[in-house]
1. Note down the relative contact order for segment 137-242 as a percent, whole number, built from C-alpha pairs under 8 angstrom at least six residues apart.
2. May I ask you to rank ARG208, ARG116 by accessible area, largest first, using a 1.4 Å probe over the protein chains only?
3. Of the listed peptides 444-453, 353-362, what is their order by residue-averaged count of other C-beta atoms within 10 Å, with the highest listed first?
4. For segment 201-250 and segment 122-197, what is the separation of their Cα centres, given in Å?
5. Stretch MET358-ASP313 to full length: gain in nm at 0.36 nm per residue minus the Cα-Cα span?
6. Based on the Cα coordinates of segment 104-220, what is the per residue volume of their convex hull in Å³?
7. Sorted from largest down, give the three principal axis spans of the alpha carbons of segment 167-247, whole angstrom values.
8. Using only helices, what value at 222 nm comes out for the chain when you add -39,500 (n - 2.57) per DSSP H run of length 4 or more and divide by the total residues, to the nearest 500 deg cm²/dmol?
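The values are calculated or read from the model by the stated rules, or taken from the named source; none is laboratory data. These numbers were taken from a predicted model, which means no experiment stands behind them. A quick note on method: Cβ atoms are made from the backbone with ideal geometry, for glycine too, and the neighbour counts reach across all protein chains shown. Please note that ligands, DNA and RNA were not included when accessible areas were found on the heavy atoms of the full protein model with its side chains. Shrake-Rupley method; radii C 1.70, N 1.55, O 1.52, S 1.80 Å.
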Amino acid sequence: MNAISLPFDNSYATLPERFFVRQAPVPVQAPSLIRLNRQLCALLGLDADALATQNGADIFAGNTVPDGADPLSMAYAGHQFGGWVPQLGDGRATLLGEIIGTDGIRRDIQLKGSGRTHFSRGGDGRAAVGPVLREFIVSEAMHALGVPTTRALAAVTTGEEIIRDGYMPGAVLTRVAQSHIRVGTFQYFAAREDVDGLKTLADYVIARHYPEATAAENPYRAMLSEVVKRQATLVSKWFGLGFIHGVMNTDNTSVIGETIDYGPCAFMDTYHPTTVFSSIDYMSRYAFSNQPSILQWNLAQLAQSLLPLINTDMESAVSVAQAEIDAYPQVFEKALTSEFRLKLGLATSHDDDLSLAMDLLECMAENEADFTNTFQYLADMIATDADDSDIRAQFSDPKSFDQWVTRWKTRLANETRSFDECATAMRQKNPAVIPRNHLVEAAIRAAEDTGNFNVFNNLMDEVLDPFRLRASDSHYVTPPAPDEIVHQTFCGT
Ligand code: AMP
Ligand code: MG
């Protein structure tokens, strides 16, 4: 008997049967709540007090399927590290259904780590506590940083051990997304030459996410064009935070421009454009600075999939799709430029703003500067009570940095705002706290080794408040000591 009711209003489940496989989550031994996201409960119109109970934990573990849920696993395909996989699908996830929030937005409620499904292939359908905590921390940090992302509603332990690198405690993450439709979902139908399925999917995506495209001369082209824009904006935001997704496969690329599928992801401490963390990215395909071009490749796969809808005449379809993909570099550059203008305290536009920003990044790379702290210290440098000792310490070669600062200050002098106002604006844009890798690892270690979730909860409190200034020696803004540096991150799936 479970008295908690959730106001499900499911639409994906009404699509044709071949879009998914209906299946309930597989129950676990002993669900126990790790954390509930009360702020997200409020947005979804859910009763957080009721969900913070054992009954709630039972729902988040998949042991109780609440009334109105219509559990299913979604079908999709994708290119993984450039190689085509005709069928992936939710191998360890269950879409319970959708809930329309107090903001009127429809969102998916999905359990990740909920047991084997039709799509599990050789996998166990489970998730270990480490990756669940990492996704919880990083996705909620991204949200607090203003980056479109899937959210974390709850995490539970299962009371079961799963086999990864040895035995690990199992966990389930309740993930909330504006939808879980991926480039790979379109590829799934396109590869099967299932044009009816493709059209049904595209019409569904347009109705749910891009209603303005309905009025366009060619709605499918309009949708593609919007996906290009949203994804370009998303990756420019990652760029502005030093974030590396790590597994930018087409099945991990959302068609609504949310960051999705946090695996071996990480924020850089020391800036270098070629940084890779993921232990499975042998070829450095998804290195930090490759992300914009990889995105273009992924978008080209979407464009290719949409060809039969764009025009029945293949030649015309190709030229339209090509035009959208060719427009991407400019769309991305525009998004990146506005991102870095804000980071550098600029409210007006000048032609060489992007090169100003990129020259700073080059100087940071040469000097092994800390990505996050550099922008904090640049703000300190131009504030009324100017203090340039911290920023100087980031640049061992002061010559190139000094030249850059002279250019930046000349540029700032063209702004209508005072330097101090620019510094204030910079502090609203540049976070003091990001979930640094060594802090995430420490939170995971404590949970895995001793079942202690305090380190995780304390880190959550910090990352949810990223723009508040911290003392410069605060644990949460200090880069890792040499022996704390995390060189590799693991999927752990
Ligand atoms: P991801 O790395 O999360 O993007 O997953 C890639 C594919 O592998 C998806 O189809 C997942 O559903 C599947 N997968 C990942 N981990 C597991 C697991 N433990 N059991 C079954 N399928 C999995
Ligand atoms: Mg995935």
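1. Numbers: 80 pairs, mean separation 17.8, N = 106.
Reported as a whole number, the value is 17 percent.
2. Putting ARG208, ARG116 in descending order of accessible area: ARG116, ARG208.
3. Going by the mean number of other Cβ atoms within 10 Å, highest first, we get 353-362, 444-453.
4. Centre-to-centre distance over Cα atoms comes out at 20 Å.
5. 12.0 nm
6. 138
7. For segment 167-247, the Cα extents along the three principal axes come out at 52, 32, 22 Å.
8. Numbers: 16 runs with 216 residues, N = 493.
That comes out to -14000 deg cm²/dmol.
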